[in-house]
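Okay, so here's the structure we're looking at.
The values are calculated or read from the model by the stated rules, or taken from the named source; none is laboratory data. Small disclaimer: the values here were computed from a predicted structure and weren't measured. Cβ placement follows ideal geometry from the backbone for every residue including glycine, while neighbour counts extend to all protein chains displayed. With ligands, DNA and RNA removed, areas are computed over all heavy atoms of the protein, side chains included. Shrake-Rupley method; radii C 1.70, N 1.55, O 1.52, S 1.80 Å.
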Amino acid sequence: MAEEDSVPIHRDFSASTGVETSNPHVGMSQDECVDRIRKSLKHPTVRFLREHMEKAGCPVWPRLLTAANCADQGSAGGYASRQGVTICCNHMTIQDEINQVVIHELIHAYDDCRAKNLDWKNCAHHACSEIRANHLSGDCHYKRELLRGFMKIRGHEQECVKRRALKSVRNNPYCSDAAAKDAIEAVWDICYNDTHPFDRAP
């Protein structure tokens, strides 16, 4: 059995998480979604992150990956400490979207493992992981931004990382709008420049 086949992929028909999606109206079936998640585990960046999580001593949870139908219309996926990664199948349409969600959420999982004491109720902790996940996952590559309708080329990447990180931290019930903005600004330099486990931003 291939290593990728040994990762449990669960089905959850009622999950609700808070990471933005660009296409909330069309989705794929659970069976297709599970198959696409398995394919994403062969993606070089996903394999790299999993290897580094194991090196950091992270347990592989019994629910590492969950294929879900998410109630939140803006959700692509999410990560919860000790619960794992959720992929919102009803908001996924192509393999690349699933790859991106898995990579983004595995960066959160890596941060959770590496920090040992990461507190998701702490706005600064959450902001740092969101900055890293948006920066290191490729979520803000200029081609993705163009597809979202953001046409600025110069300086687009940092603006995108801030915009997406702010949106996620604002969704944290423990962080007000002002607290989310303050947290992003306070940790920006340290967290944007922290590229672990990559040598540099991919």
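Mind listing P(r) for the stretch 27-104? All alpha-carbon pairs, 10 Å bins, whole percents.
Once binned at 10 Å, the Cα pair distances of the stretch 27-104 give 20, 54, 24, 3.
How far apart, in nanometres, would the label points at Lys167 and Glu54 be if each is projected 7 angstrom from Cα along the Cα-to-Cβ direction?
Label at Lys167, label at Glu54, 3.4 nm between them.
Heavy-atom accessible area per residue, the stretch 27-104, 1.4 Å probe: how many Å²? If you can, show how the numbers build up before the last one.
Details: 3260 Å² over 78 residues.
Value returned for the stretch 27-104: 42 Å² of accessible area per residue.
On a full-extension model of 0.36 nm per residue, what is the gain between Ala201 and Trp120, subtracting their alpha-carbon distance, rounded to one decimal in nm? Mind dumping the intermediate values first?
Details: separation 81, 0.36 × 81 = 29.16 nm, distance 2.34 nm.
Taking 0.36 nm per residue and subtracting the Cα distance, the gain is 26.8 nm.
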